[in-house]
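So the structure is just underneath, and the comments pick up after that.
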Amino acid sequence: MAARAIGSLTLSFGLVSIPVKLYTATQSSSAISFNLLHKTCGSRLKQQYVCLKDGTVVDKEDIAKGYEFAKDQYVLFSPEEIKALEEVGTHSVEISEFVPIDSIDPVYFDKTYYLAPDKGAGKPYALLTEALKESGRCAVGRWAVRGKAYIVLLRPVGDVLTMQQLHFAADVRPASEIEVPKPEVRAGELKLARQLIDQQTAERFDPTAFTDDVRERIRAAIDRKVEGQAISVSEAPTQSGGKVIDLMEALRASLEKTAAARGPAARLGPRKEPKRVEEARTADEGKRAEPAAKGGRKAGRR
């Protein structure tokens, strides 16, 4: 089924204006949702708002919005006041700058739309798309809709322009707020980790290689329920909580596992007996001390 446009926009940069049609890039219809029912009779439930002070049900026309500025203290806003604070929809995206696509951290990415040229806009649309491809840059601008303002970036995916909403800087928590320990990484561990990465490296990401197994299980269970069949309920398998004894051994085992999946030619050599972390560290220290001791004995003989 052909995609249906949900709106129209005008892209503008300099003196160039490009009318485009707006399409959603994701499909919420594929999501599975459940309704809340009365357990005894199976009827749908109605959501109601109840006053915490007197316990009465409050009708929609008696509901007001308020902001809690202190504990249990609110300032009320009327619908007209809130409406006056909202951003006025512009139905246009004014491009303010062009930046390298890899300069935008994906943590800022939000909802994505597809853009298609509207009537008479095929040539400027294609021109902007090709120019972005050749320059390796994306366009950044502003968009206002439904009372809200957004930062958006325009980038080509093949021959189609996409418009991606970005989070504002204030909405993104800095990674520096997360405390991460910095243990010593030994050269041998790093080498095995790199080998594991190289062994499982693909030329490009293929989203079709991944499926939503949970959704498939839920869909199959729904079909069985509709047909009057019972579904088995078993406890989910628990993950082992044991600690990794030896990081080097775990990396080597991972390499052997992926090598076995790729065929005999990729297998590693015989695996050594696993050592505990403390034993491995003691052995490494002994090896480093041995050459120095030998050098000392030779010097003594002279």
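In region 68-107, what GluC sites (Glu not before Pro) fall in a loop by DSSP, with at most 16 other Cβ atoms inside 10 Å?
Numbers: sites: GLU68, GLU80, GLU81, GLU86, GLU87, GLU94, GLU97; in loops: GLU86, GLU87.
Qualifying residues, ordered by number: GLU86, GLU87.
Can you pull out the trypsin sites (Lys or Arg not before Pro) in region 23-95 whose DSSP state is coil and whose Cβ has at most 10 other Cβ atoms within 10 Å? Numbers along the way, then the final one.
Details: sites: LYS39, ARG44, LYS46, LYS53, LYS60, LYS65, LYS71, LYS83; in loops: LYS39, LYS46, LYS53, LYS71.
Counting only loop positions with at most 10 other Cβ atoms within 10 Å, the trypsin sites (Lys or Arg not before Pro) in region 23-95 are LYS39, LYS46, LYS53, LYS71.
If region 3-92 were replaced by its equivalent ellipsoid, with semi-axes equal to the square roots of 5 times the Cα gyration tensor eigenvalues, what would those be, largest first, whole Å?
So the equivalent ellipsoid measures 39, 27, 11 Å along its semi-axes.
In region 147-226, what GluC sites (Glu not before Pro) fall in a loop by DSSP, with at most 16 other Cβ atoms inside 10 Å?
Here the sparse-neighbourhood loop sites are GLU179, GLU184, GLU203.
State to the nearest 20 debye the size of the charge dipole of region 34-180 about its Cα centre, where the only charges are +1 on K and R beta carbons and -1 on D and E beta carbons.
Numbers: 18 positive and 22 negative charges, 121 e Å.
Dipole about the Cα centre, nearest 20: 580 debye.
Put a dot 7 Å past each Cα toward the Cβ at ARG217 and TYR74; how far apart are the dots in nm?
Result: 4.0 nm between the two label points.
What is the Cα convex hull volume of region 107-173 when expressed per residue in Å³?
It is 101 Å³ per residue.
Please report, in debye to the nearest 20, how large the charge dipole of region 99-151 is about its Cα centre when each Lys and Arg carries +1 at its beta carbon and each Asp and Glu carries -1 there.
320 debye
Across region 1-139, how many lysine pairs, 8 or more apart or on two chains, come within less than 20 Å at their alpha-carbon atoms?
Close lysine pairs under the 20 Å cut-off: 9.
Taking the highest mean first, how do the peptides 161-168, 15-22 order by number of other beta carbon atoms within 10 angstrom per residue?
Top to bottom by mean Cβ count within 10 Å: 161-168, 15-22.
In nm, give the distance between the simple-model label positions of LYS257 and ALA175, each being 7 Å from the Cα along the Cα-to-Cβ direction.
So the label points at LYS257 and ALA175 sit 2.6 nm apart.
Read the figures in this text as sums done on the coordinates, not as results from a lab. Every value quoted in this text rests on a predicted model; they were computed, and no experiment measured them. Note that we place each Cβ from the backbone using ideal geometry, even for glycine, and neighbour counts take in every protein chain shown.
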